[in-house]
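Only one structure is covered here, and it is reproduced in the block below.
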Amino acid sequence: MQRFDYVFSYWLFAWWGLYVLKVTRCSPALWLWAAVLYELGLFAILLVYRYPAWHIALFVAINLVIKGWPLWTLRRETPQLGQSLLPGLALFGVYLGWLRVNGTALSEVTSRAWSQIQERKPFSVGVIQLLQLQRF
């Protein structure tokens, strides 16, 4: 089962929302940049596996919204390692704990996504949801 709360990128997006609303003073910029690097690697893998172009386009669009837009709003900030490393690690720890409470592990989430990529099936919860909307 695909769930938004099993995707760490959405947790980072929520962190950015809290930062913009000034609920927290810790900027997620460093972690968002790290997520962009991860997604660029994933994008390359999708190309190697000849993933369907429409799914790649949706994948890119979603990432522009949940990473590109936040990074654009933070463009005048310099990512500070000391100010965001520990809060990001703490958030990642909470995320791993959330997975565990829900009876899954990060290895299961990534393994499931990897299998779907190899089969050229939608693996991203956002892409899956958008494709389901397309059917209506």
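We did not get these values from a lab; they are worked out from the coordinates using the rules stated. None of the values given here were measured: they were computed from a predicted structure. Cβ atoms come from the backbone with ideal geometry, glycine included; neighbour counts cover every protein chain shown.
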Review point. Among (1) 64, 58, 29; (2) 49, 29, 28; (3) 41, 34, 31, which one is Cα extents along the principal axes in Å computed from these coordinates?
Key: (3)
Practice item. Would you please classify the overall shape of the range 56-120 from the alpha carbon gyration tensor, given that a ≥ b ≥ c denote the square roots of the eigenvalues, rounded means a/c under 1.5, and beyond that prolate means a/b larger than b/c while oblate covers the rest? Key: oblate
Exercise for review: Be a star and scan the range 31-56 for residues whose amide nitrogen sits under 17 Å from the point 7 Å along the Cα-to-Cβ vector of TRP98.
Suggested key: 31-32, 35
Practice item. Mind checking the range 30-114 for chymotrypsin sites (Phe, Trp or Tyr not before Pro) that DSSP puts in a loop (not H, G, I, E or B) and that have at most 16 other Cβ atoms within 10 Å? Key: TYR49
Practice item. Please identify the longest segment of the chain free of exposed trypsin sites (Lys or Arg not before Pro), where exposed means a DSSP state other than H, G, I, E or B and no more than 13 other Cβ atoms within 10 Å. Key: 77-119
**Study point:** Computed over the chain: relative contact order in percent, which uses C-alpha pairs under 8 Å that are six or more apart
**Key:** 36 percent
Exercise for review: Can you tell me the dipole magnitude for the chain around its Cα centre, using point charges on the Cβ only (Lys, Arg +1; Asp, Glu -1), in Debye to the nearest 20?
Suggested key: 180 debye
Revision key, fill the gap. Output for the range 44-136: GluC sites (Glu not before Pro) sitting in coil per DSSP, at most 15 other Cβ within 10 Å, listed by number, reads GLU77, GLU119
